[in-house]
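The values are calculated or read from the model by the stated rules, or taken from the named source; none is laboratory data. Here the structure is a predicted model, which means the values were calculated and not measured. So basically every Cβ, Gly included, is an ideal-geometry build from the backbone, and we count neighbours across all protein chains shown.
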Amino acid sequence: MKLYRNGTNIIIAPRGGFGTRAQSVFVTHGMFVGTLTIETPDLATATRLLIEQQLAANPDFRVLRASESVTISNRPGLATVVTGPSTVSGVREVDVVFTAITSDNRLFYLIAVAPEDELPAYQATFERIIGGVSLEN
């Protein structure tokens, strides 16, 4: 596993799971983690806006499964599944977008990324990482 900081994101990925292309960072296997300033502390609204930004940046992607309630660091959270062709490999990619509101009213996000056919191999690791997230008060 390797950690890489890119502006507001931290990327967690195995060797070969991320890189740069045309001055943009991409992840084929791994996670983006970060926080965003939001205008409203409403989790559903903030999550919808984040997903809309993702879809605008990746127009061939679609929401596969609408937001479902989850718990992240003992806080209400949402998990939304987005899918589409990888801009790097063209292989169908699955992104699971986890979100929660922090105590200072920022949107915490963790986006787990894997090729659809390899997702089962990464699922347990993704679940361990999201289960180990600790959002401080």
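Do any residues in the range 2-24 that are under 16 Å from residue 109 (Cβ atoms) and among the basic types (Lys, Arg) have Cβ atoms under 8 Å from those of residues that are surrounded by 14 or more Cβ atoms within 10 Å (Cβ to Cβ) and at pLDDT 80 or above, where the two are at least six apart or on different chains, and which pairs are they?
Note: pairs meeting the criteria are 5/11.
Got at least one residue in the range 44-62 being assigned to a strand (DSSP E or B), under 13 Å from the mean Cα position of the chain (by Cα) and under 24 Å from residue 91 (Cα atoms)?
No, because not a single residue in the range 44-62 is assigned to a strand (DSSP E or B), under 13 Å from the mean Cα position of the chain (by Cα) and under 24 Å from residue 91 (Cα atoms).
From the list 21, 92, 65, 75, pick out the single residue that is within 15 Å of the chain's Cα centre (by Cα) and basic (Lys, Arg).
65
As an exercise: evaluate residue 67 against (1) closer than 24 Å to residue 125 by Cβ; (2) surrounded by 13 or more Cβ atoms within 10 Å (Cβ to Cβ); (3) modelled with pLDDT under 95 and give the number of the one condition it does not meet.
Evaluating residue 67 over (1) closer than 24 Å to residue 125 by Cβ; (2) surrounded by 13 or more Cβ atoms within 10 Å (Cβ to Cβ); (3) modelled with pLDDT under 95 leaves (3) as the failure.
In the range 13-43, what count of residues is obtained for those that are at pLDDT below 85 and not in a loop (DSSP other than H, G, I, E, B)?
9
When you look at residue 77, is it among the small types (Gly, Ala, Ser), buried (at least 19 other Cβ atoms within 10 Å of the Cβ), touching a His at 6+ places or on another chain (Cβ under 9 Å) and in contact (Cβ under 8 Å) with a residue 12 or more places away in the chain, yes or no?
Against the criterion (among the small types (Gly, Ala, Ser), buried (at least 19 other Cβ atoms within 10 Å of the Cβ), touching a His at 6+ places or on another chain (Cβ under 9 Å) and in contact (Cβ under 8 Å) with a residue 12 or more places away in the chain), residue 77 does not qualify.
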